[in-house]
Structure formats: C-alpha cells, structure tokens
Amino acid sequence: VDAVRAVEPRVADAIASEVEDQRASLKLIASENYASPAVLLAMGNWMSDKYAEGTAGRRFYAGCRNVDTVETIAAEHARELFGADHAYVQPHSGIDANLVAYWAVLSQRVEGAALRRAGVRNVNDLDDRAWAELRRELGDQRLLGMSLDAGGHLTHGFRPNLSGKMFDQRSYGTDPATGLIDYDALRATAREFRPLILVAGYSAYPRLVNFRLMREIADEVGATLMVDMAHFAGLVAGKVLTGDFDPVPHAQIVTSTTHKSLRGPRGGLVLCAEELAEQVDRGCPMVLGGPLPHVMAAKAVAFAEARRPEFRDYAQRVVDNARALAEGLLRRGVRLVTGGTDNHLVLLDVSGHGLTGRQAEAALLESGVVTNRNAVPQDPNGAWYTSGVRIGTPALTTRGLGVGEMDEIADLIATVLAAVSPTAPGTGEASKARYTLDARVRDEANKRAADLLADYP
Ligand code: PLP
C-alpha cells in the first residue's frame, strides 16, 4: 500500500479501509469469499503488462512464453479438478464466460451448419445471400433458462440483459407451493419451445439441481445443456456435489466464476466437451478482450489449492454451516424460501416481518451483518426493493467459523429483524426503503458480531 500511497493516498486509504471493513463485519454475501494471500499475490505482478490474444501456443502476439506456461497450468488444474475434457481460463468474469459459451454453441451448431451447407470453412467465404440467411438464423435461436425471481441469473435470458435480446427466450420457474424446480413443467415447456440451449444453474436457489435429469430433457428436445455453476463451483470442486448433482459429466458446456465458493481471483471459466473446445478457445478475441495473464496466474494457484484435500473439508463445512444457519433461523421463526437449504446459501423471505429486502439488508448492515437483498419467487416488490435477503457461508467458513457460531449468527439476524419497523409515512416507492431500527438492538448486534469475529481474525 505504501507504493500506492506515494502516488494517490486516497486510493491507498480506500484499500486499507476495505481490508478493515471485510475484517470487521460478518460477510454473509453468498457470492463472496476471502481469497488466499497466494492467490492475491499471484495477481499483483508484471504479467498484467503483457498482451496475449489467442490461446496458449497460438497467439496473435510475440513473446508470450510465460503467459503460455501460466494459461496451460491453469487449464490443466481446472480439467483435473472438475474432470472436464477441456478448460478455457480466460474469461474476465462469469458474465463473460456465459457469453463465450453462448457464442460457442451458436458457432458450432448454427454457423457450423451454414458453413457445411455452403461448402466453405469461414463466414468470410459466404456470399451475401448465405450471410444474410445465417444472420437471420442466428437471430431466431431459442434459449430456455431459469427466471430471475426463481433464482436464475440475468444472463440466463432476462430480457433487459444481452442474453434476452440475443435469443428468443423463455424462462422456467419453481413450483409456487414448494419453491423447488418442477422438472415435469420444465420438460413440458422444453418440448413445446424446443430451445437450442437449455441453461441450468442459479444465483439464488438454495437447493440441489438434478443435472442428469436436465440433460435428459435437453437431449429429448435437441438442446445443448449449459450449466452456469458460478455459485456452487466450490462445492463441485470439493466433491460435495457429486453424481446427478455434479454438472460436469452431464452438461456439454459448463461456465463458472472463480471468485465465489471456488475462492479464487475475480474471473470466469468455461469447461466443455471436446466437440466445443475449438469454438470456446476462440473466445478471445471474438467475444473477449485480451486475456488478463496475471489473473490466469492467480486462477492456476486457486485451482491448485482447490485440488488439495483441505478444500474438500472446506466445501463440506460450507454446506454444514449453511444448514446450521438455516435451522437456527427457522427455529427463531424466520421464513425461508423452500424451508431450508442443501447448498451454501439461504434465502430469507422477510415479508413475514412486514419488511422489504431493502429495509432488511440496510438494517442488517447497520448491525454488522453484510448480506444482499434478493427477489423471492413471484416477488411483489420486484428486483429493486425485493422481499428477500440472500445469505451464504463461503466467506465465514474460510475464516474458520463453524456450526456453533452459525447458531449465534442466526440469533443475531433474527433479533435484528424483529427490531426493524417499516416507517412508511404515506405511500410510494421510497417508503419501501425507510425503516427504524432499535438503536440498543443495533449496538448490541454490532458488539456480538465483533466478539464472534475476534476469534477468527
Ligand atoms: N452467473 C451466475 C449464476 C452468477 O450468480 C453470477 C454473479 O453474480 C454471474 C454469472 C456473473 O459473474 P460476474 O459478476 O463475475 O460477471
């Protein structure tokens, strides 16, 4: 930080302050974690200065031998870790990984067919009529993904997102009675809609997904199964999710972030079957900007860490902690979507407390608990105010907290929620953000959070 301080002290201060914030609050954001010093240090190096468009051994720039080494090692670790045929470690983020995957499937299936029809190898060799026809065909392709309010991600076909504009999209949701994916309804929608791509995976679904069944449905309608395991990649790496619940043996293409439960640097990853490897590897420069070699170095370190036996123990503790947290909340009368959890996250429905997610999130933050508001299925408050709060255990488990502490945290959360009242003078949207919180409860909660964390610096 001293080198930064010499140039721009305000940035140095913000960096130092962020370390303090992360140290001093209960980090329960389900998509966050603490990367190891080895991962962080691997990222801060001169590889950042190198241009390396292309892939290892096939670059558009000279002098890439060290980047080749790093990218090859990262891909090797990723393949071994997940048992995948092929790994592409360049995506800068999870959203980028999803774009690469969509582009690869479109290229392989739609563009590939057009090239074969025309008897050429490259789109540049199509005549104008064949090119116009291909563009029309690309625009007609269908995507079926989980809806946002059921726990899917923006990039799974949400209309305002690019994925919702690239594709003719439709969503599947969850059973209103149970909150669980209704595979029969999903199968019926797939049969009728016949998507090119069926997307599985989620940002806010607290249960397991049966990927064997998903693949069966995809095969039945001729779709490619893509699984976005951004949230639960750490549980796959740690062999907590196996068999039907491990996406890698079942999906043709799997995308992920590397910074959530997987505990690596901020970034993305694509795993795929051999038949898609060539297209996926063209992600840069066809979809992505130049690779971030320093981040690929950090991914290699993180994947190597995740291959160690300790990581399996970590992944199991993440799930055990989430279950303890859920049980503690239920015992104290907090309503949970689906009534519990099978993975690393818990989705609280705070409408029972007469609150919006926005009010609950802010009151918890004041009390030393960092969470994020999240829509619940059929949420009457929409995606901005919401009726839910999502919490997850990857970060606090890294820090060493266990099931005993989770019960204490459940008590702390339940106590704060019971002490919040919406102050809605009048109506209107803004009232969905206003609340009062008993100051004594807030101060006591902050003290309890600090005491809990003091044992796990
Ligand atoms: N996919 C899922 C399922 C996610 O939850 C997220 C994170 O919010 C992403 C993709 C996007 O990841 P990133 O923020 O790295 O682009």
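For the stretch 103-259, just say rounded, prolate or oblate: build the C-alpha gyration tensor, square-root its eigenvalues into a ≥ b ≥ c, call rounded for a/c under 1.5, and beyond that prolate if a/b exceeds b/c, oblate if not. Prolate, since a/c reaches 1.5 and a/b exceeds b/c. In whole Å, how far is the Cα centre of the stretch 391-407 from that of the stretch 81-131? Here the two parts' Cα centres lie 41 Å apart. An ellipsoid equivalent to the stretch 352-435, defined through the eigenvalues of its Cα gyration tensor, has semi-axes of 26, 14, 10 Å when rounded to whole angstrom and sorted largest first. Put a plus charge on the Cβ of each Lys and Arg, a minus charge on the Cβ of each Asp and Glu, and nothing anywhere else: the dipole of the chain about its Cα centre is then about 340 debye.
Taking amide hydrogens as placed 1.01 Å from N in the peptide plane, the amide H of Y172 sits under 5 Å from those of G145, M146, S147, each at least 5 positions away in sequence or on another chain. Phi angles across the stretch 442-457 convert, under the Karplus curve 6.51 cos²θ - 1.76 cosθ + 1.60 with θ = phi - 60°, into 3J(HN,Hα) values of 4, 5, 5, 5, 4, 5, 5, 4, 5, 5, 4, 6, 4, 7, 10, x Hz, Gly and Pro given as x. Anisotropy class assigned to the stretch 263-389 is prolate, per the alpha carbon gyration tensor with a/c at or over the 1.5 cut-off and a/b larger than b/c.
Distance between the pseudo-spin-label points of E137 and Y51 (7 Å out from Cα toward the beta carbon): 3.4 nm. Of the residues C64, A132, V254, the one whose Cα sits farthest towards the positive end of the charge dipole of the chain is A132 (charges of +1 on Lys and Arg Cβ, -1 on Asp and Glu Cβ, taken about the Cα centre).
Using the Cβ atoms and a cut-off under 12 Å, what net charge is assigned to the surroundings of R317, where Lys and Arg are +1 and Asp and Glu are -1?
Values: positive: R312, R323, R399; negative: E310, D313, D320, E405.
Result for the neighbourhood of R317: -1.
If you average 1/r over all unlike Cα pairs in the stretch 1-90 and invert the result, what Kirkwood radius do you get in angstrom? Here the Kirkwood hydrodynamic radius works out to 16.4 Å. Classified by the C-alpha gyration tensor, the stretch 171-244 has an oblate form. Its axis ratio a/c, with a ≥ b ≥ c, is 1.5 or above, and a/b does not exceed b/c.
Its alpha carbons considered, the stretch 395-450 gives a radius of gyration followed by a Dmax of 14.8, 45 Å.
Using helices alone, I'd like the mean residue ellipticity at 222 nm for the chain: each DSSP H run of four-plus residues gives -39500 (n - 2.57), total over residue count, nearest 500. If you can, show how the numbers build up before the last one.
On the way: 20 runs with 211 residues, N = 457.
That calculation yields -14000 deg cm²/dmol at 222 nm.
Net charge of the neighbourhood of Q141, taken over other residues with C-beta under 9 Å away and scored Lys/Arg +1, Asp/Glu -1, is -1. Fewest-first ordering of H86, H344 by other beta carbons within 10 Å of each residue's beta carbon gives H86, H344.
Per residue, the average separation of C-alpha pairs within less than 8 Å and at least 6 apart gives the stretch 297-428 a relative contact order of 28 percent.
For the chain, calculate the relative contact order in percent as a whole number, restricting contacts to Cα pairs under 8 Å that are 6 or more residues apart. Please report the intermediate quantities before stating the final value.
Numbers: 931 pairs, mean separation 95.9, N = 457.
RCO, the chain: 21 percent.
Centre-to-centre, using Cα atoms only, the stretch 286-309 and the stretch 311-387 are separated by 30 Å. Across the cross-link table entries K239/K299; K27/K432; K27/K239; K260/K447, which are compared at the Cα atoms, the separations over 26 Å belong to K260/K447.
Every read-out reported here was derived from the displayed coordinates using simple, explicitly stated rules and does not represent laboratory data. What you see is a predicted model, and the numbers here were worked out from it, not measured in a lab. With ideal geometry, Cβ positions are generated from the backbone for all residues, glycine too; neighbour counts draw on all protein chains shown.
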